[in-house]
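Only the coordinates and a few stated rules stand behind these numbers; no lab work does. Small disclaimer: the values here were computed from a predicted structure and weren't measured. Neighbour counts run over all protein chains shown; Cβ positions are idealised from the backbone, glycine included.
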Amino acid sequence: MKIKDGFILREVAGNFIVVAVGEEAVNFNAMITLNDSGAFLWNNLKEEITKEELTEKLLEEYEIDRETATNDVDEFLTILENRKLLV
């Protein structure tokens, strides 16, 4: 899975915001704000990656246990899937 084309992450005044560009800007009428770990996950989803690989990367980046990392990745991916941002 990876982020669908037409969406980019921008940092504005210390906040991470997902912005729709091109044709997606016409169809996507929302704004998504991410925290640091959300931005980390988003950036890792720019290229094809599995859920397991994403969890491993989160474990390497942050001092958290596997259960927390797995739950965080699952929750983040569910949000992106519900907004149809993954392919």
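Do the conditions hold for Glu24, that is, is it touching a Gly at 6+ places or on another chain (Cβ under 6 Å) and closer than 18 Å to Lys2 by Cβ? Quick ask: steps written out before the conclusion?
On the way: touching a Gly at 6+ places or on another chain (Cβ under 6 Å): yes; closer than 18 Å to Lys2 by Cβ: yes.
Yes, satisfied.
Out of all the residues in segment 20-48, which are over 12 Å from the mean Cα position of the chain (by Cα) and either more than 24 Å from Asp74 (Cβ to Cβ) or among the aliphatic types (A, V, I, L, M) (or both)? If you could, list the steps in order and put the result at the bottom.
Taking segment 20-48 as the starting set, the residues that turn out to be over 12 Å from the mean Cα position of the chain (by Cα) are 20-31, 48.
Within segment 20-48, Ala20, Val21, Gly22, Glu23, Glu24, Ala25, Val26, Asn27, Asn29, Ala30, Met31 qualify.
Do we find that Val21 is β-branched (Val, Ile, Thr) and touching a Phe, Trp or Tyr at 6+ places or on another chain (Cβ under 9 Å) in this structure? Show your work before the answer.
Values: β-branched (Val, Ile, Thr): yes; touching a Phe, Trp or Tyr at 6+ places or on another chain (Cβ under 9 Å): yes.
So Val21 passes the test.
Of the residues in segment 4-26, not one is of a type in the set (S, T, N, Q) and in a helix (DSSP H, G or I).
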